[in-house]
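Written below as structure tokens is the structure these notes are about.
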Amino acid sequence: MKLYKISLAVLMGVATLSSCDSELDVTNPNQQTAATFGFSADDLEENVIAAYNHIRMEGTYARVGYMLDVCRGDEVWNSSQVWYMPFDDLNVAFTDEIGQWSWRDWYYTINVTNFTLSRCGEDNSALNEQMRRIKGQMLFLRGLAYYNLAGYYQNPILITDYATYSTLDGLYGTNSTYDEVWDQVEKDFAEAMTLLPSRDAGGEWAKGRATSGAAAGFYARALMMRHKYSDALAVLRNIINGQYGSYKLMANYGDNFREGAAYENNDESLFEVQYLDFGTQGTDDEWTPVNTSPNATQGHAIESNFGPGDFGGWADLSASPWLYNLFKAEKTTNGTLDPRLYWTIGTYETDWDGFEYGNVCYATPMTADAPVVTNNNYGGLPVAKNTNFRTGIYDKVVTGLHCGINLRLMRYSDVLLRAAECENEINGPTQQAIDWINQVRNRAGLASLKLADFNSKDKLFEQIANVERPKEFGCEYGRGFDLIRWGFFYDNGRLQQLKEHGTFRRTNDRSRVKEAVSYSGIAAGDTELKSSYDTWIQGHEFFPIYQGTLNDNPNLVGNSANNSTSNADKLYGPVHPVVGL
């Protein structure tokens, strides 16, 4: 018995010694790896959630990623004169780290989509319905990521194969050309259109997810970035004709900018970024890059940037006087102000007495003799859109990642106005283009346009670009992309027009916030006046690739903004001349 015990002990000791190395290599069944994860649809559904989560981060759409394009447009100016200042002035230095946040966060999204797509295979006919939806969503989100990267950084690194990450050469990739990236964007959206269900067919599943209609809408947008108007018009017509689901304008424009199940993911929305409604959120303000806390607020900070200082906001960005006076220039057929002004700019107007929530700012009554300004030092017309300025949900800005209003990235009104633009470019001016525009105008109560008033496609383009689109989408993400695709930076007349639109007054005199301003006043010596576009440097219609990123990757070079080089020879068609309306 003693010998048996000794022998057993020796055997166990030998076994223990001989197995030490293998025990170190034992795979933890509770720790999944890229080698073991993703071989089932249920696994990949988790990746789908992760990818959607990444587009809700600060560098994508929760704050900075959204605001950089808003700054780039002519509808907004920097009223804090600090935060976002170089982005508003279009002269960002390549050492400004904020400009790298969108680059970083969109590549997070791309990494997740590339892994998931590597598990889906190339043969779409072999996929069941669940896998088709998984692959379609990943293609859409990767297309969306590169849409933003190309629109912001011009020539980013194009990575579409997950195996690329397995080597240092792959990890440290080189720039792709602008055209190469847009080719991939078009390819991803076009394939996603064939895999995803329509919103109608998707039913409850489709709420908050990418559908074939979302993919089609963004495919048309991508085509228009390079003036492929005929191809884009065909897609837009199919959306209008219901091929990708039923869409319609909401009777109340304001329903596009309220939170809650009664308003979000509505009949007008092709795609929107989902945020938790106020009162249902957690307490952790998770800024980039993690956003993994189970107690995260899961809201956005767009409201914090727009919110007036007197009501707890950061008072960073204001609506341009040009946009305000554009709204004031045309009344509805009932003789009242355009209701879109109410939801876009937070000013007191007698027309708002008894309208919607009335003349309120965060539930506080507004009066004519006590105007609300964005910034106490520099004034500014407060931006109300995508905030609770007009909804009465709370009485002051809850700063941080707390606003629960979903960000509608594409609405049916955009489909109609883009279809009108494409039709005008191909055949214009035509009655069909006018009819599509009038659907949007009539929703706002404005009189219908008449074809007889537009004797050239240049004049109708002017109406679309500088009247209809600013009033419908004022202070929303997307105007910066439009200015690039229209070539406005590289035409003297258009650049002068941008300078006029971008002129604003820096003053703490609240009585002057609604005052019309003119670029000519700058030359006349009015030191309170400034224009964002005076400081534009050629090439800086894009944002530079951050120098730290270039230092980390020796294979990467800068873009036109890094080198301050002109893109005048890279336009995809003639620029429409300025036409008086």
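Values computed for the structure shown
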| quantity | calculated |
| --- | --- |
| Failed criterion for Ser413 (all others in (1) of a type outside the set (A, V, I, L, M); (2) farther than 26 Å from Tyr275 by Cβ; (3) touching a residue at least 60 places away in the same chain (Cβ under 8 Å); (4) surrounded by 17 or more Cβ atoms within 10 Å (Cβ to Cβ) hold) | (2) |
| Which listed residue is surrounded by fewer than 24 Cβ atoms within 10 Å (Cβ to Cβ) and at pLDDT below 80, from Val48, Val10 | Val10 |
| Among the candidates Gly121, Gly99, residue that is in a helix (DSSP H, G or I) and either touching a Leu at 6+ places or on another chain (Cβ under 9 Å) or surrounded by 24 or more Cβ atoms within 10 Å (Cβ to Cβ) (or both) | Gly99 |
| Search result, residues across segment 368-393 that are at pLDDT below 95 and assigned to a strand (DSSP E or B) | Ala370 |
| Selection from segment 73-93 of residues that are under 24 Å from Leu326 (Cα atoms), among the small types (Gly, Ala, Ser) and open to solvent by 10 Å² or more (accessible area, probe 1.4 Å) | Ser80 |
| Flag if Leu276 is aliphatic (A, V, I, L, M), open to solvent by less than 20 Å² (accessible area, probe 1.4 Å) and modelled with pLDDT of 95 or more | no |
| Residue within segment 349-362 that is more than 26 Å from Gly282 (Cβ to Cβ), open to solvent by 30 Å² or more (accessible area, probe 1.4 Å) and in contact (Cβ under 8 Å) with a residue 24 or more places away in the chain present | yes |
| Any chance Phe278 is within 30 Å of Arg221 (Cα to Cα), in contact (Cβ under 8 Å) with a residue 40 or more places away in the chain and not in a strand (DSSP E or B) | no |
| Count - residues of segment 322-336 that are surrounded by fewer than 19 Cβ atoms within 10 Å (Cβ to Cβ) and within 29 Å of the chain's Cα centre (by Cα) | 4 |
| Any hit, segment 232-242, residues being modelled with pLDDT of 95 or more, assigned to a loop (DSSP other than H, G, I, E, B) and either small (Gly, Ala, Ser) or open to solvent by 40 Å² or more (accessible area, probe 1.4 Å) (or both) | yes |
| Selection count where residues are small (Gly, Ala, Ser), assigned to a loop (DSSP other than H, G, I, E, B) and either under 19 Å from Tyr178 (Cα atoms) or in contact with a Gly (Cβ under 6 Å, 6 or more places away or on another chain) (or both), scope segment 545-581 | 4 |
| Unique match (being assigned to a strand (DSSP E or B) and either closer than 28 Å to Ala215 by Cα or out of contact with any Pro (no Cβ under 8 Å at 6 or more places or on another chain) (or both)) among Leu249, Leu270, Leu337 | Leu270 |
| Odd one out for Ile405, checked against (1) over 27 Å from Arg506 (Cβ atoms); (2) open to solvent by 10 Å² or more (accessible area, probe 1.4 Å); (3) outside any helix (DSSP H, G or I); (4) touching a helix residue (DSSP H, G or I) at 6+ places or on another chain (Cβ under 8 Å) | (2) |
| Residues that are out of contact with any His (no Cβ under 9 Å at 6 or more places or on another chain), farther than 21 Å from Phe542 by Cβ and open to solvent by less than 10 Å² (accessible area, probe 1.4 Å), drawn from segment 136-160 | Gly136, Gln137, Met138, Leu139, Phe140 |
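The values are calculated or read from the model by the stated rules, or taken from the named source; none is laboratory data. Since the structure is predicted, the reported quantities are computational estimates derived from the model, not experimental observations. Backbone-built Cβ (ideal geometry, glycine too); neighbour counts: all protein chains shown. These area figures cover heavy atoms from the full protein model, side chains too; ligands, DNA and RNA do not enter into them. Shrake-Rupley method; radii C 1.70, N 1.55, O 1.52, S 1.80 Å.
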